[in-house]
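Enquirer: Following this message is one structure expressed as structure tokens.
Read-outs throughout are calculated quantities, based only on the coordinates presented, and are distinct from any laboratory measurement. Everything quoted here is computed from the prediction, not taken from an experiment. Using ideal geometry, Cβ is built from the backbone for each residue, glycine included, and neighbour counts are taken over all protein chains shown.
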Amino acid sequence: MVDEGIISRILSKSEIDQLDNLLVPNLSKRYPNFEKWLEKAKEEIEKGIRIAFGEWFSDRLISTVILRPTISNTVELKSLFVEPKFQKLGHGDHLYEEAEKQCLKMGFKKITVDAFDEDEDVIIFLIGRGYKIYGREDLYGVGRFSYLLSKELKPQYTGDPFDWEEIAKWLIQNHLGFEIIDVHPVVEKRALDFSIKKVINEKFTIFGLVEVKDTEIDQDPVSILYQKTLETGYHVPVFVGRKFKERAIDFAAKKGVILINEKDILKITKWEPPDIKREDIGGIILPIKPEFYQKILRKGLSQFVYFKGAPFGKFLKKNNKIIFYVESPRKEISAYGVIVDVSINSPEQQWDRFNKDSVFEKEDYWRFAMTKREILAIKIANFKEIKPLDYNALKQIISPKLLSGSYIDTMTFKKLIGD
């Protein structure tokens, strides 16, 4: 199996151009007008209409997958390809897993793909990952039939691991089947988190009230939620908390209040909690492309703004630390900084506010931000280079999966920078 590195989004013009070297020699003879299609696909990647991911070996792109979102909440998957000398080593599995993860992050419900009849390995690969055949056509008009396959995506929580309200919202919508009517409603002078509804057999509608607390809950808050539900004509009281005391559990059992704790969420959704507690957050480790890292060094910046997709990172605080993991081919930690401020807003508002201090150029930013509803802006000061810590050494300190972005505690930060 491949030693899993970081699959990253293909963003810069130089990275996009590498698609030619990887795909044209291998796919131009298999697909009619492939080079023309690829030129259009590259233009759409530059504009953010298509999204591409890749893996590099040294400084060469060795695998890629190209995604095209549609207006019907579906993603078309194209050109999932690994350079022949790297095939059958696990690179394809790793790349596909990242592609599906990104589809879930973007809120898509379904992936579609096509494969020639004779590509049995590809078809077996897809069916083994939950795809079903729904048709067969001569898509390219050359007398070669292709199977059409699709996969319904099972929702996974991909937001901030400490955002208990968002976790509860995701659970209610995707696993309990309720629709969110209102966020933060005030009911009989009490501020709650959600009002919800669910239609049963197209005839009956159940309405409910939800309260969310990122703490251990005693009986009184549960009792108040129950009373407000009765007084206002709602049917179902739902309380989501980290943990409930025995008195709260007994009261809920007698009155029909639905209690959902952290263990329930883990059981229902298979979501895994973070390794550290929220109060122990000392900073964050984030991947950065070598090209953008070099821009920081060339400009001699000690203060700048770094953008990432929201909402992960929203619980960072002033004076927390940020460590940059420079992606392939360097695959090393080389610098860190001190967080001055963190904000979440729309891509337009973030660019208007921070563009002068951005690591991204305008075209890079909008290519990155095109598919995102919100952007996290991290204002950084005291940027400082350190003795590089390479990938093999990093694996001895933290799990490789954390290199794609993770909160860290103060002790881990000190280990990583050699303090």
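Enquirer: Calculate, axis by axis, the spread of Cα positions in the chain along the three principal axes, and write the results as whole Å, longest axis first.
Expert: 69, 58, 41
Enquirer: In whole Hz, with x marking every Gly and Pro, tabulate ³J(HN,Hα) for the range 182-189 from phi via Karplus 6.51 cos²θ - 1.76 cosθ + 1.60, θ = phi - 60°.
Expert: So the Karplus estimates, Gly and Pro as x, are 9, 9, 6, x, 9, 10, 6, 6 Hz.
Enquirer: So which of Lys203/Lys372; Lys151/Lys318; Lys213/Lys308 end up more than 32 Å apart, counting from Cα to Cα?
Expert: Pairs exceeding the cut-off: Lys203/Lys372; Lys151/Lys318.
Enquirer: Between the helical axis of 91-105 and the dominant principal axis of the chain, each derived from Cα atoms, what acute angle in degrees is found, rounded to the nearest 10?
Expert: 40 degrees
Enquirer: I would also like to ask the following. What are the aspartates and glutamates whose alpha-carbon lies under 14 Å from the alpha-carbon of Lys109, with same-chain residues fewer than 8 places away excluded?
Expert: Lys109 reaches Glu76, Glu100, Glu152.
Enquirer: Taking loop as defined by DSSP and a crowding limit of 11 other beta carbons within 10 Å, which trypsin sites (Lys or Arg not before Pro) in the range 34-105 fit? Numbers along the way, then the final one.
Expert: Values: sites: Lys36, Lys40, Lys42, Lys47, Arg50, Arg60, Lys78, Lys85, Lys88, Lys101, Lys105; in loops: Arg50, Lys88.
Here the sparse-neighbourhood loop sites are Lys88.
Enquirer: If the elastic network links every pair of Cα atoms under 10 Å, which of Tyr306, Tyr131, Tyr31 fluctuates the most in the Gaussian network model of the chain?
Expert: Tyr31
Enquirer: Could you please tell me the mean projected area of the C-alpha convex hull for the range 164-269, averaged over all directions and given in square nanometres to one decimal?
Expert: For the range 164-269, the mean projected area of the Cα convex hull comes to 6.4 nm².
Enquirer: Can you list the equivalent-ellipsoid semi-axes of the range 1-124, largest first and in whole Å, using the square root of 5 times each Cα gyration tensor eigenvalue?
Expert: 19, 17, 17
Enquirer: Check cross-link reach from Lys36 to the aspartates and glutamates: straight Cα distance under 17 Å, and skip same-chain residues fewer than eight apart.
Expert: Output for Lys36: Asp17, Asp20, Glu44, Glu46.
Enquirer: Another question, if that's okay. Using helices alone, what [θ] at 222 nm do you get for the chain, with -39,500 (n - 2.57) per DSSP H run of 4 or more residues, divided over all residues and rounded to the nearest 500? All intermediate terms of the calculation are to be shown ahead of the outcome.
Expert: Numbers: 13 runs with 132 residues, N = 419.
The helix-only estimate for the chain comes to -9500 deg cm²/dmol at 222 nm.
Enquirer: Take the alpha-carbon centre of the range 327-351, take the same for the range 379-419, and report the distance between them in whole Å.
Expert: Value for the Cα centre distance between the two parts: 14 Å.
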